[in-house]
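S.K.: What follows is a single structure, and I will ask about it in a moment.
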Amino acid sequence: MTEDLPNAASVAIVRDGKVLLIKRAFAPYQHLWTLPGGRMEPDETIEQCAIREVQEELGLAVRNPQPVLVQALGRDGTFRLAVFATRDFSGQIRPSDEIADHKWVDPVALISFRTTSRLDDVLARAFAVLAQE
């Protein structure tokens with residue numbers, strides 16, 4: 001059933017034990033720290049969506065995104081977000097106007113950030129997936 005399939009994607013980009021977080025400039029989730037990502041476009045796979053969104057938001061080329069989980073977001077579960085994780089990326093960070101700030105964050109420091117819901121759990125699972133590589 002298509003209503004159960006993901007319609008948005010994000011990527012945990014990991015380097016030296018830290019994850020790249022972005023601070024959203026606009027709604028939804030304005031001023032919250034989260035993973036880069038966004039909505040799927042017609043005729044693209046969820047993996048293509050994840051790769052495109054990171055390219056558009058940060059100017060980074062992501063490769064080999066590993067699936068982590070799918071979670072429902074929004075009050076009514078409007079978004080079904082597929083989360084991926086990777087250490088395989090290249091390029092210089094060039095944030096788009098959608099990004100208010102970006103930072104490499106040690107997951108243990110997450111408590112000091114205003115983040116999207118359950119980001120700590122999502123990152124724990126992302127790091128677990130990458131540890132299995």
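S.K.: Quick check: residue separation of LEU69 and SER117 times 0.36 nm, minus the Cα distance between them. What number comes out in nm?
M.R.: Computed gain between LEU69 and SER117 is 15.8 nm.
S.K.: Would you indicate which of (i) 15.7; (ii) 16.8; (iii) 14.7 is the value of Kirkwood radius over Cα pairs in Å derived from the coordinates of this structure?
M.R.: Checked against the structure: label (iii).
S.K.: In whole percent, what relative contact order does the chain give with Cα contacts below 8 Å and a gap of six or more residues?
M.R.: For the chain, the relative contact order is 32 percent.
S.K.: A follow-up question, please. Determine the dipole magnitude for the chain: charges of +1 sit on the beta-carbon of Lys and Arg, -1 on that of Asp and Glu, nothing else is charged, the reference point is the Cα centre, and the result goes in debye to the nearest 20.
M.R.: Around 440 debye, computed over the chain.
S.K.: Pick out, from ILE99, CYS49, PHE79, the residue whose Cα sits farthest towards the positive end of the charge dipole of the range 2-131, with +1 on the Cβ of Lys and Arg and -1 on the Cβ of Asp and Glu.
M.R.: ILE99
S.K.: Rounding to the nearest 20 debye, state how big the charge dipole of the range 22-62 is about its Cα centre with +1 on each Lys and Arg Cβ and -1 on each Asp and Glu Cβ.
M.R.: 300
S.K.: Residue farthest toward the positive end of the dipole of the chain, with Cβ of Lys/Arg at +1 and Asp/Glu at -1: which of ILE111, ALA12, GLN132?
M.R.: ILE111
Bear in mind that the values in this text are calculations on the coordinates, not laboratory data. No experiment lies behind these values; they were computed from the predicted model shown. Glycine gets a Cβ as well: all are built from the backbone with ideal geometry, and neighbour counts include every protein chain shown.
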